[in-house]
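In what follows, a single structure is set out as structure tokens and then discussed.
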Amino acid sequence: MDGPQLSWYLALSAILFTIGVVGVIIKRNVIAMFMCIELMLNAVNLTFVAFSSYFRDVTGQLFVFIVMTVAAAEAAVGLGIIITIFRNRESLDVDEASVLKL
Amino acid sequence: MSETNLLSLIIFAPLTGAAINWFMGRRVRSEKFIGAVACGAVAISTIVAFYLAFKPDGALQSEAPLLDHLWTWIQVGKFRADFGLAMDRLSGVYSLFVTFVAFLIHVFAVGYMRGDKGFYRFFAYLNLFMFSMLTLVLADNFLLMFVGWEGVGLCSYLLIGYYFDRNEAGDAAKKAFITNRVGDWGFVMGIMLVFTMTGSISFFEKSAYGVTSALQTINALTPDPFAWHMLWAGGITTIAIFLFIGATGKSAQIPLFVWLPDAMAGPTPVSALIHAATMVTAGVYMIVRCNAIFSHAPTAMFIVAIIGAATALFAATIGLAQNDIKKVLAYSTISQLGYMFLACGLGAFVAAIFHVITHAFFKALLFLGSGSVIDGMHHEQDMRRMGGLKKYMPITFATMLMGWLAICGIPIWAGFFSKDEILWKTWSATALGANAAALPNGAAKALWIVGAITALLTAVYMTRLMVMTFWGAERFREAVTHDDQPGHHGEEHPYAVHEPHESGWLMTVPLIVLAVLSTIGGFIGVSYALGSLVSSHPTNYLERTLEPVLASPAGETPTGEVRWLSPPPAPHDGEPAAAIIGTRQSSAEIHSAEEVLHERLLALTSVLIALAGVGLGFAIYSKRPLLQMPSLLNNKYYVDEVYDATVVNPIKSGSREVLWKFFDQEVIDGLLHALGRTVTEVGGLVRYLQIGFVRTYAAIILFGALALIGVFSYYGVRILLR
């Protein structure tokens, strides 16, 4: 065995991603949902970096930059929305933000 | 030939009159104007018809019909129907009396309908009826004749139901139309079969338009044998039976006669025009027009004869027991129509047309006379409340006397000659149709007996009518209650004894004219045997005019004479053929002395039967005018009740229970409701897509992503592994 294999990184990334997905669906706290979304994004970052190292191609790392930027922007906007909703409803329960339902 | 465009004037003058009265009549409000327009339109038709018939080389003299092709109506593949008119000898003769009698009835109606609120409507309908009837008569193909056929049915409905505020009028109108419709089914089947068999539905050949004559084509085929299975074999006999079914509907024969007595709910001029003189004879006209078809179908002819005779007797027995003056005349009409069909069935087409003509005269006279009586009696129609009217209504009495003598068959009045000719042709019939199929043994004599009994009954019930109305005690002076008056139309009078009065000249002059016609009208068709009693060269004008266009009864074809059916087998249409008739043998050679003697004896028998009937009527009814007739007859053998129970009510309850409650409400509506419910259910599921529930959105995104990944990986692996 010569060092960690690619497949380990990929497996870890998959596990993290799945945890993130499940968390988005299950969690009722908006902040927790956001943290899970960040977790998903980071899992994907890990995948990109793993492949970049394995194929010795720098494109993967470039893409990580982009993903990180987008994640940051999206987190800013999302948190702004959450703060506004919190101000209106005094609750961070996402089930209660369902005014658009039938 | 620009002259024959006059033919279209015959039918379009009444149509124009109807249009004028319909659109302008309500505003004009002048009875004189409306009456003048209506009568004038029919007068124009009459004058043109007479001119076209009697002019030199007119319809009654020329061998070829006068044709007037107005426009091509339908032309699809081989099927062609033109709006074209044709006046040949048969339709020429027919249009003469139809227009003239109709004119007299229009004049009468102007007097009879005075003061009625719907005066303009009545005359618009009446003129529309004339348009339809003349289209029927002058049509040159089956389909246009059917248009006229339907048109007269429509106008009959409109006119029977003229007093639309009375339930029984509306019911009677519907009954008439629906019963006619049943017959029309047969007629249309017949037309379609004619087209299938011959490729044409035209009566006449019009080579300039590429139209062949269906009748000539059928005439050239071999006649069907006399066998019952021919009725459904799909050949000429089937066509004939279908056409006859149509005729039974329109001309009120068994089993479709039930509408005609109820049709008396309409105004009396309507009963006279439509249900006595013209519309009901349309069936006879159609059969005579199609005599080529019938003479090739002896089985059908036999059935026609049997039904005609049966109807004649059946209706006569019912007429004997009716108390409403118009109902007696209605059943009398059915009975006389039976005679006409009997004649057609035995191949005596000329005799049938003769009886149509004389019947038009005397039946119209009797109906109009009864209208005059009803009007003079302030709308009383029950004969039990009449009596002794002859001194109050002398002109009506005298004219109805003529009509009575005519219908009973007393010589020299018109009815005698025509009825006697039918009876003679019945007695002497030996074979049917063009191939002289033998009649069953004794059938002719049996039919004659039925006809003779009917003649006796006719004389009896007509005498009863005359006695109850004009002679005897003045029963209208007795106080009676109003409860038992079913047919009391018009304004309700507070009951006082109204003096009956004679009618004005508008009503009596037509009566007089018709009385004259009923007296002398028979002389157009005196048969040889009778005419030779008084003259050495008797001419049967009607027979001479119609013979070349009609098939003659089997076994009676004189030799040396070419017979054809309209038009003659000429190369050009509208022109007489080059070599027409061979030398015509003198009448004396055609009729053997023995035959003549038999005919004279039979005529004597007819006269004796008629006189016996009259005598019997006087003997019984002048003593006891209110004699109660058997209730079976009075209730018309409960035919209407039987029809109600077997046909009408099953259809009504079948429609209500099965078709409406089950099929419409449960199946069709159920289908619709199920469809709606399905849409609602599916919608209920689909709405989860937009539920507003964020986590559901996340889940859906996840599943969508998984699906995409699955698809891509599946195809990717396939590519990799290839």
Can you give the relative contact order of the range A:27-90 as a percent, counting alpha carbon pairs under 8 Å and 6+ residues apart?
-> 27 percent
Lys, Arg +1 and Asp, Glu -1 on Cβ, resulting dipole of the protein assembly as shown about Cα centre, debye, nearest 20 | 840 debye
Near residue B:73, within a Cβ-to-Cβ distance under 12 Å, what is the net charge of the other residues, with Lys and Arg +1 and Asp and Glu -1?
-> -1
Treat every Asp and Glu Cβ in chain B as -1 and every Lys and Arg Cβ as +1, leave all other atoms uncharged, and give the resulting dipole magnitude about the Cα centre to the nearest 20 debye.
-> 1400 debye
Cross-link reach list, lysines versus residue B:363, counting only Cα pairs under 24 Å and skipping chain neighbours closer than eight places | B:175, B:250, B:326, B:327, B:390, B:391, B:419, B:425, B:636
Which order do peptides B:102-114, B:11-23 fall in by mean Cβ count within 10 Å, highest first?
-> B:102-114, B:11-23
When all C-alpha to C-alpha distances in the protein assembly as shown are sorted into bins of 10 Å, what percent of pairs does each bin hold, rounded to whole numbers?
-> 2, 11, 19, 19, 12, 6, 3, 3, 5, 6, 6, 4, 2, 0, 0
With +1 at each Lys and Arg Cβ and -1 at each Asp and Glu Cβ, the charge dipole magnitude of the range B:90-233 around its Cα centre, to the nearest 20 debye, comes out at 360 debye
Under the rule of -39500 (n - 2.57) per DSSP H run of 4 or more residues, summed and divided by the residues of the protein assembly as shown, what mean residue ellipticity at 222 nm is obtained, to the nearest 500 deg cm²/dmol?
-> -20500 deg cm²/dmol
Please give the average number of partner chain Cβ atoms lying within 10 Å of the Cβ of each residue in B:692-704, rounded to a whole number.
-> 4
When B:324, B:57 are ordered from fewest to most other Cβ atoms inside 10 Å of their Cβ, what list results?
-> B:57, B:324
Aspartates and glutamates whose Cα lies under 15 Å from that of residue B:445, excluding same-chain neighbours fewer than 8 positions away | B:420, B:421, B:599
Could you sort B:431-439, B:311-319, B:623-631 so that the peptide with the highest average Cβ count within 10 Å comes first and the rest follow in order?
-> B:311-319, B:431-439, B:623-631
With contacts defined as alpha carbon pairs under 8 Å and 6 or more residues apart, what's the relative contact order of chain B in percent?
-> 13 percent
HN-Hα J couplings of the range B:24-31 from phi, Karplus 6.51/-1.76/1.60, θ = phi - 60°, integer Hz, Gly and Pro as x?
-> 9, x, 5, 7, 5, 6, 9, 4
Under 17 Å from the Cα of residue B:661 - aspartates and glutamates, other chains or at least 8 residues apart | B:669
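Here, each number is a calculation from the coordinates, and none is a lab measurement. In this text, all values refer to a predicted model and were calculated from it rather than measured experimentally. When we count neighbours, we look across all protein chains shown, and the Cβ atoms used for this are built from the backbone with ideal geometry, even at glycine.
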